[in-house]
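One structure is given below, encoded as structure tokens.
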Amino acid sequence: MKVRTDRPFHITKKQVYEAYKAVKSNQGAAGVDKETIEEFESNLKGNLYKLWNRMSSGSYFPPARASGPRPDFGGWSCGGGCDRPG
């Protein structure tokens, strides 16, 4: 197997495919982009390539989580995966 040296991150296409299979086998839910596994699979080869290309080149940035007023925090929003303000 030829190893690419022109990419800042060594991520193989096989690793991306194995990760996809793990998500599918766990019946992974749609992410913040609301795209389902079925929608992703409608162009599986192209989507996996695009994901690998962006991840291995360092240009992949997952979309930010939606943020907004959270009643349980008195209107405060962390905009990410936090449990409480502060």
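A few notes on this one:
- First in region 45-59 and closer than 14 Å to residue 6 by Cα and in contact (Cβ under 8 Å) with a residue 12 or more places away in the chain, second anywhere and among the basic types (Lys, Arg) and not in a helix (DSSP H, G or I), Cβ under 9 Å, 6 or more apart: 56/4; 56/7; 57/7; 58/7
- Pair list, Cβ < 8 Å and 6+ apart or interchain, from region 15-39 residues that are touching a residue at least 12 places away in the same chain (Cβ under 8 Å) and farther than 16 Å from residue 49 by Cβ to residues that are of a type in the set (Lys, Arg) and outside any loop (DSSP other than H, G, I, E, B): 37/24
- Restricting region 42-75 to residues that are surrounded by 13 or more Cβ atoms within 10 Å (Cβ to Cβ) and over 20 Å from residue 12 (Cβ atoms), the residue that is modelled with the highest pLDDT is 70.
Here is a yes/no grid of residues against (1) touching a Leu at 6+ places or on another chain (Cβ under 8 Å); (2) surrounded by 13 or more Cβ atoms within 10 Å (Cβ to Cβ); (3) modelled with pLDDT under 90:
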{"position": "4", "(1), (2), (3)": "no, no, yes"}
{"position": "17", "(1), (2), (3)": "yes, yes, no"}
{"position": "30", "(1), (2), (3)": "no, no, yes"}
{"position": "39", "(1), (2), (3)": "no, no, no"}
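- Selection status of residue 35, at pLDDT 90 or above and acidic (Asp, Glu): no
- The selection criterion, being in a loop (DSSP other than H, G, I, E, B) and of a type in the set (Gly, Ala, Ser), does not hold for residue 22.
The values are calculated or read from the model by the stated rules, or taken from the named source; none is laboratory data. Predicted model only: the values in this text are computed from it and were never measured. Neighbour counts run over all protein chains shown; Cβ positions are idealised from the backbone, glycine included.
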